[in-house]
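What follows is a short report on a single structure.
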Ligand code: LLP
């Protein structure tokens, strides 16, 4: 459930008509609902009720400072993957002891930063990283708490670009070699082995891959304990999918995911961490764009929007489906026609949907892309010198611009002309 509903014929974000935001902010823009973000976080809290747990929001999904501040205030932890994300989390008020650091390419500088802030745990992805972390910890007189990310070689049955738990993926160490690598970790100075980490992919729409992976993690926990390691924390990653096509998809609910967690690893007495991103932020956000033209092509029509692939890259990058709806509610029974929905960027890949059934739309009409709160604004660019898309947060009947659209001057002034050209 989200808080984007038609009221009096206009799509609202909570109690704010989207037409009002469009008039003030201009299009395209992203809009997020505080109530939906909060609700999704709480749904995970309830799903893991009874387990000692921490929800580490995967902020790569949506790292706007206002969104982070909301979760910081709710007591969430964060999963970060770069020094930039780490700094954002700290700036939003998340203490180091609630931050976990994932990613295959952490640099010594990033490690130092995290250690200075008393990080909760590094999710280590390779032996060279383990060695580098040990050296940084020793050099700074600190101890690095770690989990090792294991690659369980299970098929997450999701899009190839976002599957991470197969042996051919770059992530983690093969689970078959885990005992060896844990032994190495335990012998290194400055390293404190705390737990095990696993993350098999994103937009999972079935529970079985989780079941398979978590069972392997449970077996590994027992084997490592038998080897003398004090495994007391399991990070189970994120990845639970969302219904991008409302009409015909129903991925498992967090409650059922929670049941799988309890059934597979609940008996081990470990503290549980999860790293959901998409399920928390995805359906808590829309991207709103205006129609520039409706163009009649050869045998097909094109709806040309002022939003483009640089603002929302998911359709171009993953062939992802986003429901697209008019902001002004069509009268019931309005006939729908197939139309290609595109942006103004100079690439055929700048296509959001092909032959999508839509009610009649005219130049100037607003449309909203649903399920755009995760991996939307964070993946935006200025390609074609289109200013970075702004973001708006709604709370009841209030709204605030939480990232302003840069002016053209700001965009141009970031570059500089070298002296030899003068
Ligand atoms: N933890 C780790 C270690 C991850 O790599 C990811 C996502 C997550 C947690 C959060 O997964 P989520 O709950 O959001 O599925 N840009 C792509 C998605 C990339 C996901 C990368 N890793 C998209 O737009 O579909």
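Quick one: residue 26 ticks every box in (1) on the phi > 0 side of the Ramachandran plot; (2) at pLDDT below 95 bar one, so which box is it?
(2)
Within the stretch 267-326, take every residue that is assigned by TED's automatic domain parsing to the domain that holds residue 229 and assigned to a loop (DSSP other than H, G, I, E, B) and give me the one that is farthest from the ligand (Cβ to nearest atom).
The residue in question is 269.
Could you check the stretch 100-129 and list, in sequence order, the residues that are surrounded by 21 or more Cβ atoms within 10 Å (Cβ to Cβ) and more than 13 Å from the ligand (Cβ to nearest atom)?
Listed by number, the residues that qualify are 110, 111, 114, 115, 119, 120, 129.
Can you tell me how many residues in the stretch 278-316 are within 15 Å of the chain's Cα centre (by Cα) and surrounded by fewer than 24 Cβ atoms within 10 Å (Cβ to Cβ)?
Qualifying residue count, the stretch 278-316: 2.
Can you report the number of residues in the stretch 258-277 which are within 30 Å of residue 323 (Cα to Cα) and over 18 Å from the mean Cα position of the chain (by Cα)?
Residues in the stretch 258-277 being within 30 Å of residue 323 (Cα to Cα) and over 18 Å from the mean Cα position of the chain (by Cα): 3 in total.
If I ask for residues that are part of a loop (DSSP other than H, G, I, E, B), closer than 23 Å to residue 375 by Cα and touching a helix residue (DSSP H, G or I) at 6+ places or on another chain (Cβ under 7 Å), which ones from the stretch 151-177 would you list?
155, 156, 157, 159, 165
Can you report the number of residues in the stretch 5-52 which are outside any helix (DSSP H, G or I) and touching a helix residue (DSSP H, G or I) at 6+ places or on another chain (Cβ under 8 Å)?
Final tally of qualifying residues: 14.
Looking at the stretch 241-253, I want the residues that are closer than 19 Å to residue 43 by Cα and have a partner that is surrounded by fewer than 16 Cβ atoms within 10 Å (Cβ to Cβ) and modelled with pLDDT under 85 with Cβ atoms under 9 Å, at least 6 apart or on another chain. Which pairs are those?
241/249; 242/249; 243/249
Among 370, 356, which is in contact with a strand residue (DSSP E or B) (Cβ under 9 Å, 6 or more places away or on another chain) and within 16 Å of the ligand (Cβ to nearest atom)?
Residue meeting the stated conditions: 370.
Would you call residue 148 more than 30 Å from residue 319 (Cα to Cα), part of a loop (DSSP other than H, G, I, E, B) and within 16 Å of the ligand (Cβ to nearest atom)?
No; evaluated as a whole, the condition is false for this residue.
The values are calculated or read from the model by the stated rules, or taken from the named source; none is laboratory data. Quick caveat, the model's predicted, so the values are computed rather than measured. Cβ coordinates were reconstructed from backbone atoms using ideal geometry, including for glycine residues, and neighbour counts include every protein chain displayed.
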